[in-house]
Amino acid sequence: MTTDLLAPFKLNNTIELKNRVLMAPLTRCMADDNLVPTQDMVEYYARRAETGLIISEATIIRPDGQGYPNTPGLFTSEQIQGWKKVTDAVHANGGKMFAQLWHVGRVAHPHFFDGDVLAPSAIGVEGSVPRMRELTYITPKAATTDDIKSLVADFAKAAENAMEAGFDGVEIHGANGYLIDQFLHYEANVREDEYGQTSENMSRFALEVTDTVIAAVGNERTALRLTPGAYFNMSEDSRDKAVFDYLLPELEKRDLAYLHGGIFDDSTTFESLEGKTTSEFLRAGYKGTLVGVGSYSFESAKEAINNAKFDLIAIGRPLIANPDYISKVANGEELVPYSDEMLAQLK
Ligand code: FNR
Ligand code: 8K6
């Protein structure tokens, strides 16, 4: 029997999705200057409510988590109210939506806020802020244990705010070289305290954030995105695999809503993961609900799910190009191809 991707999927006792096709988190840099979602964003998300679950664009948990212009936040009442309009519109169209909770760590830029750029260690990245080429990255400050406590607490506070804003759950952004991912990779973490040096220590921050978010909103409303193979704002280290070998079974015990791989093309293999792809590596180490992502078509996703490579598929760029992706694939209609120029406008 083959799985129908467009049939309902029970995530857990709290949440049932109307199909297995998720909208991947997609940063659009279109919030207003107070980082509040706009009416255009309300309509953009509402148009995509036919997907089983919309994952919001990455949303910063506090001011020093910002590394790109006009990315939305979830730390002021105005931002919460702005998101409430989005979730109300998505719900009115029969959809469900999680907020992706984000802190960029060392790729934050003080252009956007007052204060230090925090990271696990004082190791910077080369280059400059996308779309703002005059802003080159600075060397971050290694977070103190008090800084770490406040970061963990602020992830939980943002998760509570997400509930107030009407989201159905949260996806913690632990991927793509941002703060949580920086703790998980040797290239960015050379700490000598209980957050560095060993797999258990390097996993500590990710697990503390996960556990406090679960305490705030419940495990059935908590998900996590991870990038075991470093590919963005980070380079691979052969020791990284051991960190994820420790982390994945720990996460499995938490009984999350789902685990999500972060990657642009899931055919990419990683030397540091013994030649595995992101979804192969995550599937081998994690038995709970797994979301695949990265250059999949509806057909290739169907094949992967039927071969038990993962359980749900997240679709990114094709959903930028086709707000009506679900009805098009259901009817066998041709999709509009994505192009980067489409990022200039919210359609
Ligand atoms: C992304 N991606 C991304 N990932 C994430 O975790 N949070 C984010 O905010 C973003 N933002 C973002 C913006 C844009 C313009 C692109 C193209 C991508 C990655 C995204 O979720 C997904 O993993 C990739 O796009 C691969 O999936 P597709 O597009 O091949 O289906
Ligand atoms: C999450 C932060 C937002 C960054 C936006 C990234 C936009 C990239 C759009 C182009 C996609 C090209 C895919 C190439 C993948 C290379 C990965 C580094």
Let me know the whole percent of all Cα-Cα pairs from the chain that are separated by more than 38 Å.
9 percent
How big is the equivalent ellipsoid of segment 251-347 along its three axes, where each semi-axis is √(5λ) from the Cα gyration tensor, reported in whole Å from largest to smallest?
26, 16, 13
Residue-wise, which Karplus ³J(HN,Hα) couplings in Hz belong to segment 114-130, taking 6.51 cos²θ - 1.76 cosθ + 1.60, θ = phi - 60°, and x for glycine or proline?
9, x, 7, 8, 9, 7, x, 9, 7, 10, x, 10, 6, x, 9, 5, x
Taking Rh as the Kirkwood radius, which is the inverse of the mean 1/r over Cα pairs, what is the Rg/Rh value for segment 1-134?
1.05
Which percent of the accessible area of the chain is formed by carbon and sulfur heavy atoms (probe 1.4 angstrom)?
47 percent
For segment 246-347, accessible area per residue (1.4 Å probe, heavy atoms of protein chains only), Å²
47 Å²
Spatial extent of segment 1-51: Rg and Dmax, with the Cα atoms as the point set, Å:
15.0, 51
Expected unfolding gain across Arg254-Asp147 under the 0.36 nm per residue rule, minus the alpha-carbon gap, is 36.0 nm
Any idea what % of Cα-Cα pairs in segment 31-97 are farther than 16 Å?
42 percent
Karplus-derived 3J(HN,Hα) from phi for segment 219-224 (6.51 cos²θ - 1.76 cosθ + 1.60, θ = phi - 60°), whole Hz, x at Gly and Pro, runs 5, 6, 10, 10, 10, 9
Dividing the surface of the Cα convex hull of segment 85-128 by four yields a projected area in nm² of 5.1 nm²
For segment 233-303 and segment 10-89, what is the centre-to-centre distance using only Cα atoms, to the nearest Å?
24 Å
Give a quick list of GluC sites (Glu not before Pro) in segment 283-342 that DSSP marks as loop, anything other than H, G, I, E or B, with at most 13 other Cβ atoms within 10 Å.
Glu333, Glu334
In whole Å, what three semi-axes, largest first, describe the equivalent ellipsoid of segment 205-247 built from its Cα gyration tensor (square root of 5 times each eigenvalue)?
25, 11, 8
Which residues' amide hydrogens lie under 5 Å from the amide hydrogen of Glu57, considering only partners 5 or more residues apart or on another chain, with H built in the peptide plane?
Leu26
Using only the heavy atoms of the protein chains and a 1.4 Å probe, how would Arg48, Arg283 rank by accessible area, largest first?
Arg283, Arg48
Amide H contacts under 5 Å for Lys276, restricted to residues at least 5 apart in sequence or on another chain and with H modeled in the peptide plane, are Phe270
Over segment 54-201, with neighbouring protein chains present, the accessible area per residue in Å² at probe 1.4 Å is 34 Å²
Report the equivalent ellipsoid semi-axes for segment 81-238 in whole Å, largest first, defined as the square roots of five times the eigenvalues of the gyration tensor built from alpha carbon atoms.
28, 19, 14
Please report the antiparallel percentage of the DSSP beta bridges confined to the chain, to the nearest 5.
15 percent
Considering only DSSP states other than H, G, I, E and B, which GluC sites (Glu not before Pro) in segment 192-298 qualify as loop sites with at most 16 other Cβ atoms within 10 Å?
Glu192, Glu194, Glu274
Rounded to two decimals, what is Rg over Rh for segment 57-164 when you use alpha-carbon atoms and the Kirkwood radius?
1.02
Quick one, could you list the DSSP H helices from the chain stretching 15 Å or more along their long axis (Cα atoms) with average Kyte-Doolittle hydropathy of -1.0 or above?
77-92, 145-164, 199-217, 240-254
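The values are calculated or read from the model by the stated rules, or taken from the named source; none is laboratory data. In this text the structure is predicted, and so the values were computed from the model without any measurement. All Cβ positions, even for glycine, are placed from backbone atoms using ideal geometry, and neighbour counts span all protein chains on display. Just the protein is used for accessible areas: all its heavy atoms, side chains included, with ligands, DNA and RNA removed. Shrake-Rupley method; radii C 1.70, N 1.55, O 1.52, S 1.80 Å.
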